[in-house]
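Asks: Quick one: structure below, then a few questions.
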Amino acid sequence: MDYKNILLQRSGRVGVITLHRPEALNALNLGMMHDVVAAVGHLDADTDIGAIVITGSERAFAAGADIKEMASRSYMDMYAADWFGGWDALTQVRTPLIAAVAGYALGGGCELAMMCDFILAADTAKFGQPEINLGVIPGIGGSQRLTRAVGKSKAMDMILTGRTIGAEEAERSGLVSRVLPAAELMSQTLETAAAISKLPAPAAALAKESVNVAFETHLAAGIRFERRVFHSLFATKDQKEGMGAFIEKRPPSFLHQ
Ligand code: HXC
């Protein structure tokens with residue numbers, strides 16, 4: 001596949017997508033959306049891939065949706081095209097998806113990072129939902145995912161003022177899972193992704209599905225879902241291998257089946 005807005009690399013069982021529109025701080029235009037969604041779908045369908053990383057440059061993960069592409073559009077243009085609707089495909093991905101963020105993750109950039117399963121941030125990372133300064137609101141799930149991630153007060157503060165928060169505040173608020181020195185962001189992200197990619201793929205896919213159910217349902221239904229999924233994993237070869245290896249005091253050799 002020929003991608004114009006991203007770079008796609010593989011490292012063992014890890015797929016790495018690098019957003020690449022340096023002239024626009026990786027602003028997310030429609031071409032970028034199509035490339036990211038296609039590349040993630042391609043990697044997700046590949047049983048030799050066990051984790052996917054989405055990253056940007058040192059200066060910007062992504063400085064938002066492409067303002068120049070949207071500025072003159074009408075309501076009907078946006079509605080008829082279901083502008084940004086294509087990004088929803090990322091929520092159906094089974095392979096663990098990690099965002100590695102350095103520099104700006106603003107607007108759609110912050111929203112793309114939040115669509116990943118977790119965010120590793122460089123100490124240079126800056127997160128924000130500044131859409132209010134442009135006369136709009138977040139449009140790729142920001143008002144929903146940010147609120148679930150950091151709670152109402154911080155989400156309201158960020159979305160109503162448009163202010164940007166640094167990596168430390170983002171970690172304190174629960175938006176990112178770890179802050180890393182910028183120089184180590186990619187090496188540590190790849191190490192984490194490689195470790196996940198070697199673990200049983202069926203358990204990884206169902207673990208993320210189960211965590212995601214926590215965002216969409218009430219506690220009793222979520223626990224029932226988890227219990228059924230937990231039972232179902234006893235039908236996998238990797239459960240037999242994982243538990244067998246523990247009992248036999250040897251390293252497991254997973255088949256991802
Ligand atoms: C289009 C963008 C862009 C964007 C930066 N650029 N962000 N182009 N859309 N979101 C372009 C600039 O126009 C400029 O192009 C080049 O990238 C470098 O940016 P500068 O502004 O010169 O860099 P700097 O002075 O370092 O400032 C960095 C910045 C600033 C603070 C991140 O670029 C900025 O405020 N960007 C917009 C951030 C934003 O509002 N994001 C939310 C977008 S709305 P030229 O050609 O001049 O060199 C959004 C909505 C989501 O995401 C869904 C709801 C609609």
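Asks: Taking Tyr104 and the conditions (1) open to solvent by 10 Å² or more (accessible area, probe 1.4 Å); (2) over 21 Å from Glu184 (Cα atoms), which numbered condition does it fall short on, given that it satisfies the others?
Replies: (2)
Asks: Quick check, is Asp66 touching a helix residue (DSSP H, G or I) at 6+ places or on another chain (Cβ under 7 Å), within 12 Å of the ligand (Cβ to nearest atom) and of a type in the set (D, E, K, R)?
Replies: The answer is yes for Asp66.
Asks: Here is a further query. Which pairs turn up if I take residues in segment 77-95 that are in contact (Cβ under 8 Å) with a residue 60 or more places away in the chain and look for partners that are within 15 Å of the ligand (Cβ to nearest atom) with beta carbon separation below 9 Å, at least 6 apart in sequence or on another chain?
Replies: Thr91/Met115; Thr91/Gly141
Asks: Within segment 150-180, how many residues turn out to be polar (S, T, N, Q) and over 10 Å from Gly128 (Cα atoms)?
Replies: 3
Asks: Looking at segment 212-240 only, could you name the residues that are assigned to a helix (DSSP H, G or I) and in contact (Cβ under 8 Å) with a residue 40 or more places away in the chain?
Replies: The one that is assigned to a helix (DSSP H, G or I) and in contact (Cβ under 8 Å) with a residue 40 or more places away in the chain: Asn212.
Asks: For Phe254, are the conditions met, namely being buried (at least 16 other Cβ atoms within 10 Å of the Cβ) and assigned to a loop (DSSP other than H, G, I, E, B)?
Replies: yes
Asks: While we're looking at this one, here's another question. Test Ile49 against the criterion of being more than 14 Å from the ligand (Cβ to nearest atom), part of a loop (DSSP other than H, G, I, E, B), open to solvent by less than 30 Å² (accessible area, probe 1.4 Å) and in contact (Cβ under 8 Å) with a residue 24 or more places away in the chain, and give yes or no.
Replies: Yes.
Asks: Here is a follow-up. Of all residues in segment 69-80, how many are open to solvent by 60 Å² or more (accessible area, probe 1.4 Å) and either within 12 Å of the ligand (Cβ to nearest atom) or outside any loop (DSSP other than H, G, I, E, B) (or both)?
Replies: Selection size over segment 69-80: 7.
Asks: Let me ask you something else. Name the residues in segment 155-185 that are surrounded by 20 or more Cβ atoms within 10 Å (Cβ to Cβ) and in a helix (DSSP H, G or I), would you?
Replies: Answer for segment 155-185, where residues must be surrounded by 20 or more Cβ atoms within 10 Å (Cβ to Cβ) and in a helix (DSSP H, G or I): Ala155, Met158, Ile159, Ala167, Ala170, Leu185.
Asks: Give me the pairs, please: first residue somewhere in segment 180-197 and within 16 Å of Phe61 (Cα to Cα), second residue anywhere and part of a helix (DSSP H, G or I) and open to solvent by 10 Å² or more (accessible area, probe 1.4 Å), beta-carbon distance under 8 Å, and either six or more positions apart or on two chains.
Replies: So the pair list comes out as Leu180/Gln188.
Asks: Just give me the residues in segment 82-99 being surrounded by 23 or more Cβ atoms within 10 Å (Cβ to Cβ) and either of a type in the set (A, V, I, L, M) or modelled with pLDDT under 95 (or both), in sequence order.
Replies: Within segment 82-99, Leu97, Ile98, Ala99 qualify.
Asks: Looking at segment 137-154 only, could you name the residues that are outside any loop (DSSP other than H, G, I, E, B) and touching a residue at least 12 places away in the same chain (Cβ under 8 Å)?
Replies: Gly142, Ser143, Arg145, Leu146, Arg148, Ala149, Val150, Lys154, listed by residue number.
Asks: Moving to a separate point now. Out of Leu112, Leu134, which single residue is in contact (Cβ under 8 Å) with a residue 60 or more places away in the chain, surrounded by fewer than 24 Cβ atoms within 10 Å (Cβ to Cβ), hydrophobic (A, V, I, L, M, F, W, C) and within 13 Å of the ligand (Cβ to nearest atom)?
Replies: Leu134
Asks: Next up: For segment 7-26, does any single residue satisfy the condition of being open to solvent by 60 Å² or more (accessible area, probe 1.4 Å) and more than 25 Å from Leu185 (Cβ to Cβ)?
Replies: no
Asks: Checking Met114 against (1) of a type outside the set (Lys, Arg); (2) over 14 Å from the mean Cα position of the chain (by Cα); (3) farther than 18 Å from Ser187 by Cα, which single condition isn't satisfied?
Replies: Of everything listed in (1) of a type outside the set (Lys, Arg); (2) over 14 Å from the mean Cα position of the chain (by Cα); (3) farther than 18 Å from Ser187 by Cα, Met114 misses just condition (2).
The values are calculated or read from the model by the stated rules, or taken from the named source; none is laboratory data. Please read these numbers as outputs of a predicted model, since none were measured by experiment. Neighbour counts are summed over all protein chains in view; Cβ atoms, including those assigned to glycine, are modelled from backbone coordinates with ideal geometry. Just the protein is used for accessible areas: all its heavy atoms, side chains included, with ligands, DNA and RNA removed. Shrake-Rupley method; radii C 1.70, N 1.55, O 1.52, S 1.80 Å.
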